[in-house]
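Colleague: Below you will find the structure I want to go over with you.
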Amino acid sequence: MHHEDLTPSVIQGLAWYYLLAALANALAAAYLAYGTMVMEGNSRVGLAPKTRRMPSWLPIACGVLWLGVAILLTIQAVAPGPLVSAAYFLGALANMVLAIQAGADAAQFGEVEARGHALDPDYEAPPRPPSLDDHIPPVGLGKPLNRTMWTLIWGVVAVVFQAMGLSYQLGGRVAMPGFIKDAIDAVSGPTSFFVGATLAFAAMIRYRRFLSSGVVAWSIVNLTLLFFGLSLTDYDFRDIVVKPDNVPIVGMIVLVGVFTWHGLRRAVINDARMARGLPNLEELEPEKVLTWPDLVYTELIAMVVGTLVLVVWAIALQAPLEQPASSTTAPNPSKAPWYFLGLQEMLVYFDPWMAGVVLPTLIILGLMAMPYIDTNKLGNGYYTYEQRRFAYITFQYGFLVLWVILILLGTFLRGPNWNFFGPYEYWDPHKLIPLNNVNLSDLFWIDLLGTSRPTNPLVREAPGILLTAGYFVVLIPLMARLFFRKYIEQAGWGRYLVLSLLLLFMLSLPIKMVLRWTINLKYLVFLPEIFFNI
Amino acid sequence: MTLKEKLAAARGRPAGSEPAGTASVPAAAAPTASAPASPEIGHEEPSPPAPPAPSRETLGRPLTLQEKLAAARSGGAGAAARAAKPSPRPAASPATSPAARAASSRAVPPLEQATDPRDLAEHLRRAGAEQAKKAQGSTAKAAPTSKAAPRKAESKVVPPRPGREVAVSATSRRGLLRVGFWIAAGWAAFTAGMATLLAGSARFFFPNVLAEPPSTIKVGSPGDFEKGQVEERWKAEWGFWIVRSDAYDGEDKIYALSSICTHLGCPPNWLASEQKFKCPCHGSGFYISGVNFEGPAPRPLERYKLTLGDDGQLVVDKSQKYQEELGQWTDPESYFKV
């Protein structure tokens, strides 16, 4: 049973959430309607000036309305009164005006463009030089987009978000339907989450050109906003997401997403440019700025903003101090600091010696070894995917899926007793998930051969030891023959051995996880006699 | 111009030899392409009038840095000798290098107005030449032996690194000795300090007083415990449960189970409704017998020594552990048979 408690403060918060979502979309619509549309890597020299101008009253009107919002909220903070709703309606009005005017102007511009053709069928538009109005997409990102249509779409999205916000403001109780929550809870589990993340990563690589388009990215942002907003109506979801501990992790999802997208987009554009023999984006852009004033001013502003954010954050969200540390009691669930939650998730699948010492050491050593293993001289100082495919995929899989995704799993989806809970599930400490794990030796001797386990530990664990040794002994030459022939020619066997060992250790994590989930395998090699388990 | 093109221009290498960036700014490539090669360090073409310098072709391998330096030096010297025959100039004077001559054919604007990196380089070169001249003059006055270096260069023999042994006089040699002494003393002091710190840290592990709590506690008489009971009273302070159960081997026994998970040392919780111990850190689960069955814990919970005291009370001794996987649970001191 899901727990919905739309208290007045929650409803108020959601109303403002959608107000901001509508503002973002209204700004997107205005950007498409009035902005200069020459994208990355295209020269602006010789282009005709733009004719799509924002009506001068529009920014003034929106500015005045938002100023009113700020003034009303300030008064409200000093002397409490019913001014919050007034402020809200002013903000909503500003959003509506911006979205509707941008849409109307975009349609108008489209009409102006088409009119010449409509009047006279024989009329041919004079060959005019391209102007700053023309949407010239970056090389490699496909066709120009229809500015009128997309302005209208983002305008409509803004209006819809604003309408949702207004309905909350007027006391509406829109909530995510229970059956959707049930469905999401039912399909979520560590297996589906992790395998889904891996598939999503593969899709990101495969469809990177599609994803690099700004329209697609903004659509994803909008869907995420809607999904997150609707999810916030659920008590259990909200309880976890707005916990002061977890707020920075929600922010981290946004940051990781934005930077990954930005890098991938520049890489796609650069790859397409270089394939056509054009200089890449980084060569086109000036590499240097003046220390004074550019750099120092930027640093000053960054410092001030950073300090402000930290101060406001520290006041608004109370740091959670828990009970004094004790060796005999632990909170349930006991969670590591957020940046170590990936390691904690690894510890579920490995012996502490392995996941706590060997693998972290290998991660650090591997990162240090990278410059020595990497013989690919390309991609220095510019974003690229095509020229560094192996490096990009390996690093991003390790970072995004094997680290960030595991942090998310540990933060949001691991509850009491380290059980897995769906995003809308109540954290029941008595949730029963049968996890009867077995070792490979049991599977081999008892289930497969039908005998009892041999008493000699080495004979008992022979299948696991052979399998583990075979993993390295067979796969290293096999990979050398299949995938790394050119690399070995360039870099030599020494580098290849280091690379392949690191790679196999990295892959051992997802392999072990999948084995745990599918056949409940606990350890491949189980030697408690010498405290050694793999 | 991009930085690369500027660098290429400064080196005198045609910008077209750089793979990228030529298409974007074709105008920049034109003037630099005509710029002559300067005998700069790192340039691989051997200077033609330098017979003693080995070339890449004759050696069949890339030149080492030292050879390149020697080639650059002798090339400069040779050119200098030919350019100014009546009055042979000092060997490595860069002012008379071919590049300088070529560059001086252009009008060089004053330093404040120089925007072209080549002009800037030219200014630098001139300033360096003046300084070198001054230095040569002063050393010549100070030590007459220093004339050996330029003379060598005149006879077109590749000179050794100029100036080094020239500069070190008898007095400065003594100074060097003194510097060496201070360096050695500094390192000795550093080593001694680190050794002291290390010894102090090692000593830290052997405190004078070790306040250890008593390891034994009386937990009551055997009759106080019912079958299937997990007594949690001692968990918070002592870190064990008293369990009475026949789950392990069918015999009704009382035993003291350590409340430390064998995976990574978190304290598990007793979940009575599920009849299991469950760890909050990584989800390891143990039966009431203490045997592990789920999650990553590799072995059962440990038992503490449990004996019946003279007063009929059970005594738990935490200093003695019994591990199932080592076969120690058969030890009669690891349980009390009811």
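Colleague: Please give the helices (runs of 4 or more DSSP H) falling wholly within region A:333-399 in which 3 or more residues are more than 30 Å from residue A:439 (Cα to Cα).
Modeller: Because the criterion is at least 3 residues that are more than 30 Å from residue A:439 (Cα to Cα), the helices (runs of 4 or more DSSP H) in region A:333-399 that meet it are A:359-373, A:389-396.
Colleague: Next up: Give me the pairs, please: first residue somewhere in region A:320-344 and within 12 Å of chain B (Cβ to nearest Cβ), second residue anywhere and in a loop (DSSP other than H, G, I, E, B) and of a type in the set (D, E, K, R), beta-carbon distance under 9 Å, and either six or more positions apart or on two chains.
Modeller: A:331/A:322; A:335/A:245; A:341/A:335; A:344/A:335
Colleague: Separate question: Considering only region A:492-500, I want to know if a residue exists there that is away from every other protein chain (no Cβ under 14 Å), modelled with pLDDT of 90 or more and not in a helix (DSSP H, G or I).
Modeller: Among the residues of region A:492-500, at least one is away from every other protein chain (no Cβ under 14 Å), modelled with pLDDT of 90 or more and not in a helix (DSSP H, G or I), which makes the answer yes.
Colleague: Quick check, is residue A:429 surrounded by fewer than 20 Cβ atoms within 10 Å (Cβ to Cβ) and either in contact with a Leu (Cβ under 9 Å, 6 or more places away or on another chain) or not in a helix (DSSP H, G or I) (or both)?
Modeller: yes
Colleague: Is it true that residue B:274 is more than 7 Å from every other protein chain (Cβ to nearest Cβ), over 46 Å from the mean Cα position of the chain (by Cα) and either charged (D, E, K, R) or assigned to a loop (DSSP other than H, G, I, E, B) (or both)?
Modeller: When the stated conditions are applied, residue B:274 does not pass them.
Colleague: What's the number of the condition residue A:155 fails, among (1) over 21 Å from residue A:100 (Cα atoms); (2) modelled with pLDDT of 95 or more?
Modeller: (1)
Colleague: Among the residues of region A:345-359 satisfying the criterion of being in contact (Cβ under 8 Å) with a residue 12 or more places away in the chain and of a type outside the set (A, V, I, L, M, F, W, C), which is surrounded by the most Cβ atoms within 10 Å (Cβ to Cβ)?
Modeller: So the residue we want is A:345.
Colleague: Further, regarding this structure: So, in region B:250-271, of the ones that are among the polar types (S, T, N, Q) and part of a strand (DSSP E or B), which residue ends up nearest to the other protein chains (Cβ to nearest Cβ)?
Modeller: Going through the qualifying residues, I end up with B:269.
Colleague: Within region A:404-437, count every residue that is in contact with a strand residue (DSSP E or B) (Cβ under 8 Å, 6 or more places away or on another chain), modelled with pLDDT of 85 or more and within 10 Å of chain B (Cβ to nearest Cβ).
Modeller: Residues flagged as in contact with a strand residue (DSSP E or B) (Cβ under 8 Å, 6 or more places away or on another chain), modelled with pLDDT of 85 or more and within 10 Å of chain B (Cβ to nearest Cβ) within region A:404-437 amount to 3.
Colleague: Within region A:518-529, identify whether any single residue is farther than 20 Å from residue A:356 by Cα, acidic (Asp, Glu) and either in the same structural domain as residue A:355 (by TED's automatic domain parsing) or in a helix (DSSP H, G or I) (or both), and answer yes or no.
Modeller: Looking for residues that are farther than 20 Å from residue A:356 by Cα, acidic (Asp, Glu) and either in the same structural domain as residue A:355 (by TED's automatic domain parsing) or in a helix (DSSP H, G or I) (or both), one finds none in region A:518-529, hence no.
Colleague: Starting from residues that are among the acidic types (Asp, Glu) and surrounded by 13 or more Cβ atoms within 10 Å (Cβ to Cβ), keep the ones in region A:432-466 and report whichever is farthest from residue A:181 (Cα to Cα). Don't jump to the end; show me each part of the working.
Modeller: Initially, region A:432-466 is screened for residues among the acidic types (Asp, Glu), giving A:442, A:447, A:461.
Now narrow it down to the ones that are surrounded by 13 or more Cβ atoms within 10 Å (Cβ to Cβ): A:442, A:461.
Details: A:442: 39, A:461: 45 Å.
Among those residues, the one meeting the criterion is A:461.
Colleague: What single numbered condition from (1) under 24 Å from residue A:326 (Cβ atoms); (2) in contact (Cβ under 8 Å) with a residue 24 or more places away in the chain; (3) assigned to a loop (DSSP other than H, G, I, E, B) fails to hold for residue B:247?
Modeller: Status for residue B:247: all satisfied but (1).
The values are calculated or read from the model by the stated rules, or taken from the named source; none is laboratory data. All figures in this text were calculated on a predicted structure; none of them were measured in a lab. All Cβ positions, glycine included, derive from the backbone under ideal geometry; neighbour counts span all protein chains shown.
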